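Reviewing the structure listed below.
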Amino acid sequence: MVRIVLIRHAKSSWSDPEVQDIDRPLNRRGRLASTLIGAWLRDESVGLDHVWLSPAVRSAETFAHMNIESTHEPQAHNALYMADPNTILNILRSTPKSAKTAAIIGHQPGLSSFARKLADGSQTQAEGRAFSKFPTGAIALFECDVDAWPDVKFGKAKFMSFVPPKDLV
């Protein structure tokens, strides 16, 4: 059994129109949301063995403000910047064998599309929010009954929970 944690980067700043999209930092709300989602992961005993990060500044800052440790050093992967579902799946499949829980911190619309394709259809209508909007700072948690990361396939993961930051205040 492996666990997959999808995290959309928290709210970023648009205060400087000169900053390129990939270099945009978190704003105050994003930093607060990151802290909340990190606390939720700790409260739910969701330890992270491996973290894949988009190369965007806001993704790295989201993880930093979550204040949660990972067994392996977080790894930025250039292809996660605005990645499509197939790209996300291929990156996830390359997670180290020793990891039982992997997180991906990325972007829309790729994360909601990936969540939709990954799920086995067992989610409730309320949980379907992860498959449409997937707001900034939200977490979707899946479990997949496989022995190794290369065996993760679309349509085979059980949707466990979805938590946007606004549900944590």
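The values are calculated or read from the model by the stated rules, or taken from the named source; none is laboratory data. All of these numbers come straight from a predicted model, not from anything done at the bench. Glycine gets a Cβ as well: all are built from the backbone with ideal geometry, and neighbour counts include every protein chain shown. Only protein heavy atoms, including side chains, enter the accessible area calculation; ligands, DNA and RNA are left aside. Shrake-Rupley method; radii C 1.70, N 1.55, O 1.52, S 1.80 Å.
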Restricting to segment 42-63, what's the tally of residues that are under 14 Å from ARG8 (Cα atoms) and part of a helix (DSSP H, G or I)?
7
Can you name the residue in segment 57-92 that is under 21 Å from ALA33 (Cβ atoms) and among the β-branched types (Val, Ile, Thr) and, of all such residues, is surrounded by the most Cβ atoms within 10 Å (Cβ to Cβ)?
THR62
Check on PRO150, open to solvent by 30 Å² or more (accessible area, probe 1.4 Å), touching a Lys or Arg at 6+ places or on another chain (Cβ under 8 Å), of a type outside the set (Ser, Thr, Tyr) and free of Cβ contacts under 8 Å to residues at least 60 places away in the same chain
yes
Enumerate the pairs (first residue in segment 1-23 and open to solvent by 100 Å² or more (accessible area, probe 1.4 Å); second residue anywhere and outside any loop (DSSP other than H, G, I, E, B) and of a type in the set (Asp, Glu)) with beta-carbon separation below 7 Å, excluding pairs fewer than 6 apart on the same chain, so at least 6 apart or on different chains.
MET1/GLU143
Among the residues in segment 117-126, are any touching an Asp or Glu at 6+ places or on another chain (Cβ under 8 Å) and surrounded by 14 or more Cβ atoms within 10 Å (Cβ to Cβ)?
no
Examine segment 48-65 for a residue that is among the hydroxyl-bearing types (Ser, Thr, Tyr), within 16 Å of ALA102 (Cα to Cα) and touching a Ser or Thr at 6+ places or on another chain (Cβ under 9 Å), and state whether such a residue exists.
yes
Among strands (runs of 3 or more DSSP E) entirely inside segment 97-169, those with 1 or more residues being closer than 23 Å to ALA10 by Cβ, over 12 Å from the mean Cα position of the chain (by Cα) and not basic (Lys, Arg) are 157-163
Would you confirm, using the coordinates I've provided, whether SER45 is without any contact (Cβ under 8 Å) to a residue 24 or more places away in the chain and either closer than 22 Å to PHE162 by Cβ or open to solvent by 50 Å² or more (accessible area, probe 1.4 Å) (or both)?
yes
